[in-house]
Structures are given as structure tokens and as C-alpha cells.
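Note sheet for the following structure.
The values are calculated or read from the model by the stated rules, or taken from the named source; none is laboratory data. Everything quoted here is computed from the prediction, not taken from an experiment. Cβ sites come from the backbone with ideal geometry, for glycine too, and all protein chains shown count toward neighbours.
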Amino acid sequence: MSVAELEAREVGLEGPSSGLWSEAWRRLRHNPSAIVGFVMVGTFVFVALFAPLIATHDPLEQDLSLLNGGCCPGPSAEHWFGVDALGRDLFSRVVYGARYSLLIGVVSVAVGLSIGLLIGAIAGYAGGWVDSLLMRLMDIMLSIPGLLLAIGIVAALGPGLVQIMIAVGVTQIPIFARLLRGSILATKETDYILAARSVGIRGRVILSSHVIPNSISPVIVQGTLALATAIIDVAGLGFLGLGPQDPSTPEWGTMLTDTTRYLQTAPFLALIPGAAIVISVLGFNLIGDGLREALDPRFRGRA
Amino acid sequence: MLKFIVRRLLLLVPILIGLSFLVFIWIRALPGGPAEALLGERATPEAIAKIERDYGLNKPITVQYWDYVKTTATGDLGTSVTTRRAVTDELKQRFPATIELAIAAMLFSLLGIPLGFFAAKHYGKAIDSASLFVSLLGVSVPIFFLAILLKYVFAVQLGWLPTTGRVDARIDFDHPTNFYLLDSLWTGDFSIFWDCVKHLILPAIALGSIPLAIIARITRAAVLDVQNEDYVRVARAKGLSPREVDSRHVLRNALLPIITIIGLQTGLLLSGAVLTETVFAWPGIGTWLVDAIRSRNFPVLQGGILFVSVIFVLVNLAVDVTYAVVNPKIRVS
């Protein structure tokens, strides 16, 4: 960037400032791929919330008489996405599956985010041996590949919905802890913190009203992307058979488990729940990328 | 440089101690305690007492940990509950299968570098947007779903490649190293080698696609970043051909973030291997661990997770050192 450009930008910044958040929101609204992401996630949340109204059948109801012609009847007027190997309506199962994926995704990210942020904030602000101890602890957690850590936790707690939420949440703790700590360390060194300190504001107030608000934007971006990862990881654990104890639960990953046997005769059994996972994950990723651009101060003042 | 490597090696010590402690504590934190976890439904009070005596579980916890560290250090990871074989023996058989798959996947994912470079060179054009979208899609597809898709198209529909396993069940050959590609070459029978390659292709593509998408994305960003640096402008100004500018200045400097990201992918590869192996019934560490969970085979889980994590830590060390060798900034300080 040339000097002239820099000056031009500085002049621009001196104008009436609209604030980081409203400007980020404005930029997000003008980002076409973020809009697509919002539409995808919006649909996903809508389907999850109103599943009983959208589903055309009971997702658990088995009608084995439908399988008389062999496994499995494909899409029809009565069963939009076809019927699975136990004679259940696939459309209704995919619709109800949105509930499980959304719930598990949000809860596990909430677990990882809250514990991770607490650890990161303590480490970043306390510094010294507390910081070293906590960060080495996070290093140890990161030294186990994510899915294996989750598998270990599920093996200890036993398979089940709550257990996979905890397992996926725990694998995300070190990511958030490191992120917030790094961000706090960078913020602590800035001039405005020095200014706040020099006029005698108390440490706790500086932390809550200056350091954390200024360190939080990477956490928001990571949180959105973590929702995408959580949905994928949960589906993976479900696929391995570590998810809900009751195998009839319409969780998307669990629904994919046995479908490889029917790839020849009924590929839609695998393709449709898989596509549902991809759409919801892609939505969160698009929003996350859009947020990253919108919140990045280097892009501020541009379109 | 040497100082950096030594320091990095020293940092490894607390990690390894912590890791072994975590794995040690984990098995003792199981509901009902380790003896009951091992026995499952056969847990009578007498049987539990016997296991506790055999495994030294009635000793103080610090003594137990020290015993655990000592036996682990000698390479003894216990005995599998289901097969009654030493965990290390099973590891020797399973690990090469996973490594063969992981290396093949890694090689495939390196195609992301030319892809990302190409996209950056056509910045803003349709091909660039298309590659961006594909790489975004790549990180949004669960690996096991991609594996199922590939299996459906290339094995079930087109019938080009086999659906499961490492080699055709009818082929029998010696495999001293358990790296089937090497072992089959050693037999001198090219048809066996070709069969092993065919079995490897789909799992490797499934496992390598997501890293490929990420590597392509990072390469594109790195090349775009470097392209506007002053030294690239100077190189151009002094009359170097575009190709020389690219190979000597742009690519070489863009390589730093690419190496970092390749290192980070190894964790993803090891995690992804568990899922890929399950889809293709690949007899590696992944299917081994998943079976171990189903049969509550805790010695296998404990040994397997510890082993894979140590490998992961060592790979990260190797990446850090490579990074230091390539990056002059670290080399000097």
C-alpha cells in the first residue's frame, strides 16, 4: 500500500465512526456468500424448530409392508425421500435429524467455548506460572488427535447423545483457550490499555470493559466455524456407532452407519442424510468466513 | 539452529509426561474402575479382586503410575482382551496399514499446492472462484460421507476399483513389513502390487481430499500475499522471467505457511483415518480402535491412543524443525 493510500484511508477513518459492530454487520449484509450461508443456516434452524409440523410421518414408525418389493423403495409422492431399511419415512427422519444436529452442535460448542474462554482469560490475564501451567495442559490435550480424544472420552463415559456432546465440546476447549489468550496478550500491549491503566482504572474493569471486548472478535469467528466442525465430528461419532444408544434415533451420522450395505440398491439412503450434513455445515462455514472478513480491522473502511 | 532443536526437544518432555499421565488416569477414571471395565458383565467380586492383584491395582496410585511408565517405556502396552495377543504385536500389524494410507493421502493432498498456485495466478477469474468454492465445499463434507460417495461412484456404480480391504482375499503373499506396497513388490509379481495399489486409491483420495482443499486454500492466500511484496516487484523489475520470479521468489516464500498447514493436517489425517478405514474396512489402527470400543477392549484403546498421540507429537516436532530450517528468520534468532 502506498503512502498516499494510507493517508487517504486515515482521512476516511477520521469521519463519523459507525463502530466496529454496526460496520461489520453492514459489510456482512453486502457479502453474497455470507447471505447464502445465512439462508442455509436459517433453513436448518427453521426445520429443526418446526420439525413436527414439517415432517409428513412419524420418524420412528416402522412399516415393514413397504419393503415387500425389496429394499428400499425410492422417493415417491407418499414418501418424498423414500423409505429406509426398516420401512421408516426418510424425509421425516432427516427433518427430525436437524433437531439433533443443531442441539448437539450448539451444546458442544457451548461447553468448549465457555470452559475454553475461562481458561484462556485466566491464562492471558494472570500470566506467569499460571499461564505456563494452563497452556502446557492445553498442549497435552492438543497432542491427542481430535477424534481420538473424543473416542477416548466416549469410551470412558459410554456411548450416548450427552456423552458425544461432552466429548466434542472437550476437544474444542484448547482451541478457544489458546485463541482468547493470544488475543488478550496482543490487546494488553496496546496503547489504549496503557492509557486506561495510567489513569488508574482497576484491573478487573480494564479486563471486562476493554481487554475482552477487543479480544472477542476472533472468538466469534472461531465459534461459528466450530459449530460446523462440531456437527461434522458429532456425525462422525454417530457414524462409528458411538452416538445415541437407541439406534432408531434419527441422528444424521447414525443414519449413515448401515447405508453402505445398500449402496447398490438404495444409494439415496446415504446420499440424502449426507447432503443434509453438508448443507448445514457449509452454511456455518460461509457465515464464519463472512464474519472473519467483516470483523477484520484490515478490511475496515472498505466496501 | 541447534539451540532451537534442543529447546523444542525439551518442550517434548512435559508433553509426553502429561500425555502418559492422562492416558493412565483415563483408564482409572472409568465408571466402576478399571477391573470392572475390563471384565464387563463377568465382573464378580472374586474376579475383580484377582484382576486388581494381577494388574497391581490395589497399590498406591503413585506406585501404579511409576509401574505404568516403566512397563510402557520397555515397549509393553499390555494384552488385548479379545485376542489375548500383546497390544504391541497387533500395533506392528495395524500401524503400517494406516501409515501406508496416510502417506498416500498426504501425497494426494499435495496436489493442492499447484491448484492453489493456479487459482492465485488467475485471481478474480471464474477459475479462481470455482476453486475457492470447491475448497470451501471440501471442508464442509464429512470425511466418511466423502468416502461413501467415492465408494458409491467408483466401486459400486462404475466397478473400477474394489470396495473394501487392502488386497483381494484370494491373493496370498508374505508380508514381512506389513507395508503391502513394498511387500507385494518384493514378491516380484506385478499383478499383486497392482491389486494393492487399486485397493489403496479410493481410501487415499477420500482421506486426502479435505487436506487438499485446505492446502489449496492456504497456498492461494500465501501466493497472493507474497506476490505484492516489494522483493517480488524488484525481481520483476530487474528483468527476471515470470517463471523465474515464481519459482525463486514467490513459491519459495509462500512455502512457509504451506509447510505449517501440512503439519497441522497430520492430526486431521490420523483422525480421518479412523473414519475412512471404517468405510473401506481397511485393517489399520482406526478399525482396530473402533472395534476396541465396541468390545470394551481397554488395553488396546489405551495403548493405541497413546501410540498414535506420540506419533502425532513427533510429526509436529519434525514439522517445526523443517519450518525452522526453511525459515531464515528463526534460523538466525
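Selection of helices (runs of 4 or more DSSP H) fully inside segment B:48-121 by the criterion of at least 2 residues being touching a residue at least 60 places away in the same chain (Cβ under 8 Å) and touching a helix residue (DSSP H, G or I) at 6+ places or on another chain (Cβ under 9 Å) returns B:87-109, B:112-121. The set of residues from segment B:137-167 being without any contact (Cβ under 8 Å) to a residue 12 or more places away in the chain and within 14 Å of A:LEU263 (Cβ to Cβ) comprises B:PHE145, B:LEU149, B:TYR152, B:VAL153, B:VAL156, B:GLN157, B:LEU158, B:GLY159. Within segment B:270-281, if we keep just the residues that are among the β-branched types (Val, Ile, Thr) and either surrounded by fewer than 24 Cβ atoms within 10 Å (Cβ to Cβ) or touching a residue at least 60 places away in the same chain (Cβ under 8 Å) (or both), the residue that is nearest to B:VAL156 (Cα to Cα) turns out to be B:VAL279. Which residues, taken from segment B:244-269, are within 14 Å of another protein chain (Cβ to nearest Cβ), crowded, with 17+ Cβ neighbours inside 10 Å and of a type in the set (A, V, I, L, M, F, W, C)? The answer is B:LEU268, B:LEU269.
The set of residues in segment A:198-221 that are of a type in the set (Val, Ile, Thr) and either under 17 Å from A:ALA126 (Cα atoms) or without any contact (Cβ under 8 Å) to a residue 12 or more places away in the chain (or both) comprises A:VAL199, A:ILE201, A:VAL205, A:ILE206, A:VAL211, A:ILE212.
Applying the condition of being modelled with pLDDT of 85 or more and surrounded by fewer than 17 Cβ atoms within 10 Å (Cβ to Cβ) to segment B:111-136 and asking which residue is farthest from the chain's Cα centre (by Cα) yields B:PRO114.
The criterion of at least 2 residues that are at pLDDT 85 or above and either touching a His at 6+ places or on another chain (Cβ under 8 Å) or over 23 Å from A:MET255 (Cβ atoms) (or both) is met by the following helices (runs of 4 or more DSSP H) wholly inside segment A:14-106: A:32-49.
Can you tell which of A:GLY128, A:GLY169, A:GLY146 is within 22 Å of B:ASN297 (Cα to Cα) and either away from chain B (no Cβ under 13 Å) or touching a Leu at 6+ places or on another chain (Cβ under 9 Å) (or both)?
A:GLY146
Scanning segment B:270-284 for residues that are facing chain A (nearest Cβ under 9 Å) and not small (Gly, Ala, Ser) turns up B:LEU270, B:VAL274, B:LEU275, B:THR278, B:VAL279. The helices (runs of 4 or more DSSP H) falling completely within segment A:187-303 that include 3 or more residues that are within 14 Å of chain B (Cβ to nearest Cβ) and within 19 Å of A:ALA24 (Cβ to Cβ) map to A:217-239, A:268-295. Filter segment B:13-44 down to residues that are in contact with a helix residue (DSSP H, G or I) (Cβ under 7 Å, 6 or more places away or on another chain), more than 12 Å from every other protein chain (Cβ to nearest Cβ) and in a helix (DSSP H, G or I) and give me whichever is modelled with the highest pLDDT. That would be B:PHE24.
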